[in-house]
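The values are calculated or read from the model by the stated rules, or taken from the named source; none is laboratory data. All values reported here derive from a predicted model rather than from experimental measurement. Quick reminder, even Gly has a Cβ in these numbers, built from the backbone with ideal geometry, and neighbours come from all protein chains shown. When the accessible area is computed, the model is the full protein with side chains, heavy atoms only, and any ligands, DNA or RNA have been set aside. Shrake-Rupley method; radii C 1.70, N 1.55, O 1.52, S 1.80 Å.
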Amino acid sequence: MQTDQEQIRTLIERWAEAVHNGDMDRVLQDHAEDIVMFDVPPPYEGVRGLDDYRRTWPPFFEWQAQGATFDIESLDVIAGDDVAFAYALLRCGTKEEFAADPDNRLRLTLGLRKEDAHWTVVHEHHSFPLVPADQDNPEEV
């Protein structure tokens with residue numbers, strides 16, 4: 001039997017594969033009806049609820065179909081009895097974006113809760129670091 005950390009890791013890896021494949025049903029599979037997500041594109045106040053979360057994915061799938069990647073590079077999971085969080089770095093971008101900034105990574109944080117022995121994503125946060133225009137002078141942001 002898998003530990004909670006292993007179950008969550010499997011859930012997240014399955015989700016990332018579904019995102020990579022543009023498989024909407026599997027993207028939504030382990031997400032709560034009352035999910036809150038903060039994403040890179042607007043709305044800045046985030047989206048609330050599974051229906052709004054679902055609506056965020058088609059534009060991303062279209063962009064990704066043009067050659068972008070979405071691959072987990074690192075993943076850490078911390079789990080309690082009924083609440084957990086995970087954080088990861090992902091390679092998310094086009095070949096051109098990685099050529100211009102090969103170290104850029106999407107940051108992902110997930111909050112999960114356990115209900116009826118099943119882990120469910122209740123909070124999702126995606127962000128990219130703010131890269132100064134002049135990387136040699138980080139004070140100029």
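When both region 44-59 and region 11-37 are represented by their alpha-carbon centers, they are found 12 Å apart. Solvent exposure of the chain, expressed per residue, is 60 Å² of accessible area, with all protein chains present and a 1.4 angstrom probe. For the chain, relative contact order (Cα pairs under 8 Å, six or more residues apart, normalised by length) works out to 22 percent. For residue 93, the shell of other residues with beta-carbons less than 14 Å away shows a net charge of -2, using +1 for Lys and Arg and -1 for Asp and Glu.
Each of [x] 37; [y] 30; [z] 48 is a candidate for percent of Cα pairs over 23 Å apart; the one calculated from this structure is [x]. Relative to the dominant Cα principal axis of the chain, helix 50-64 is inclined by about 40°.
Test of understanding: in a Gaussian network model of the chain with alpha carbons linked when under 10 Å, which of 50, 130, 110 would top the mean-square fluctuation ranking? In this elastic network of the chain, the residue with the biggest mean-square fluctuation among 50, 130, 110 is 130.
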